[in-house]
Structure formats: structure tokens, C-alpha cells
Amino acid sequence: MPDKDKKFIEMLDQYEKLAFSICYKMTNNYFDAEDMVQETFLSIYKSLENFDGNNPGGFVTRIAVNKCLDFLKRADRRAVPTEENILLENTSSVPPPEENFLQEETKRGLIKVCQTLKPPYNEVALDYYCNGMTAAQIADKAGKKLKTIQTQIRRAKEMLRKKARKEDII
């Protein structure tokens, strides 16, 4: 028996359990751990000529850990999605029809109430609350100062709150 084979068999006998325990802890699967141990010792056999003989336990450990890390990276890529994962990923972000209807109804009601405000509060309220414009955008559109528009938005909000209480909307 050649010296290389003898050295390999000694390492296998001495460190196989160590390699298995490392691989099992990393993969959490008995059969995957067995495969990783095989790959570990195959790599060791191939590179045994380059091994200087110092710290064989560390040599086995390093190769086993690297084999497991490579395996885990590949395992993430080839994972089969479960039915639950597929359903969660494919859930639509579109709200249900009844929610959509309620949102539209609320928006129509808000537009009606905003239109009842006196100028310039009606325009500011419509732009801000119904059209989603910022105070800066409204100021640019109206050619007014930002502080003026911010004050008008605050006053429009108070007017809308009073109307909502009076009409028992809130």
C-alpha cells in the first residue's frame, strides 16, 4: 500500500467522526452531513500530497467547514418553495373590491366637503387632501409663498374638522 493511501486511511479513521459532527451541525441533516463528509475526505485525498502533516485535525475541520458552506450556498439557490411560500409571495397588493369601493366612496365624500369650503381654502384642501400635492407644490402652482399655503392648509383642516363634526361624519 502506497504511503499516501496509508496516511489517508489514518486520517479517515481518526477524524471521520469530527468531520461528521461538524457537517451535521452545519447542515442539520444526517444524509447531507454524510455527503459532506464524503466530499471532505475526497478533497483531502486529492490534496494530501500538498499537506505538510502539521495539525491534521485543523486541516480536516477547515475543509469540512468550507464544503458545508459551499453546500449551504448551493442549497439556498435550489430550495423548492413550499405551497405556503408561493401563496405568500403571490398575494396581490391590490386591495379587495369592497375596500376599494369604500376608499373611492370616502374620497368622493371628501371632495364634496372640500368643495363646500370658501376660496382659497377649497382649492388648497382639494389639492392637498384629494390630489396628494405637497404644500410646496401647491405654492408653486398658485404662485404664493409656502408659509401662506401652509397656513391655508391648517385652516382648511380645521374647517373640514368642524364640518365633519357638525354633519356627524366622524
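The values are calculated or read from the model by the stated rules, or taken from the named source; none is laboratory data. Note that the structure is a prediction, hence the values are computed from the model and not measured. For neighbour counting, all protein chains shown are included, and Cβ atoms are generated from backbone atoms with ideal geometry for every residue, glycine included. These area figures cover heavy atoms from the full protein model, side chains too; ligands, DNA and RNA do not enter into them. Shrake-Rupley method; radii C 1.70, N 1.55, O 1.52, S 1.80 Å.
Figures for the structure shown
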{"item": "Scan of the stretch 5-23 for residues that are surrounded by fewer than 12 Cβ atoms within 10 Å (Cβ to Cβ) and basic (Lys, Arg), ordered by number", "result": "LYS6, LYS17"}
{"item": "Every residue from the stretch 152-161 that is open to solvent by less than 40 Å² (accessible area, probe 1.4 Å) and either closer than 13 Å to PRO120 by Cβ or assigned to a loop (DSSP other than H, G, I, E, B) (or both)", "result": "GLN152, ILE153, ALA156"}
{"item": "Count - residues of the stretch 111-127 that are open to solvent by less than 60 Å² (accessible area, probe 1.4 Å) and touching a Leu at 6+ places or on another chain (Cβ under 8 Å)", "result": "5"}
{"item": "Pairs with Cβ under 6 Å, 6+ apart, first in the stretch 48-73 and assigned to a helix (DSSP H, G or I), second of a type in the set (D, E, K, R)", "result": "LEU48/LYS4; LYS67/GLU39"}
{"item": "Top-ranked residue in the stretch 137-151 [being of a type in the set (Gly, Ala, Ser) and assigned to a helix (DSSP H, G or I); ranked as nearest to the chain's Cα centre (by Cα)]", "result": "ALA139"}
{"item": "Selection count where residues are in a helix (DSSP H, G or I) and within 24 Å of THR106 (Cβ to Cβ), scope the stretch 117-136", "result": "11"}
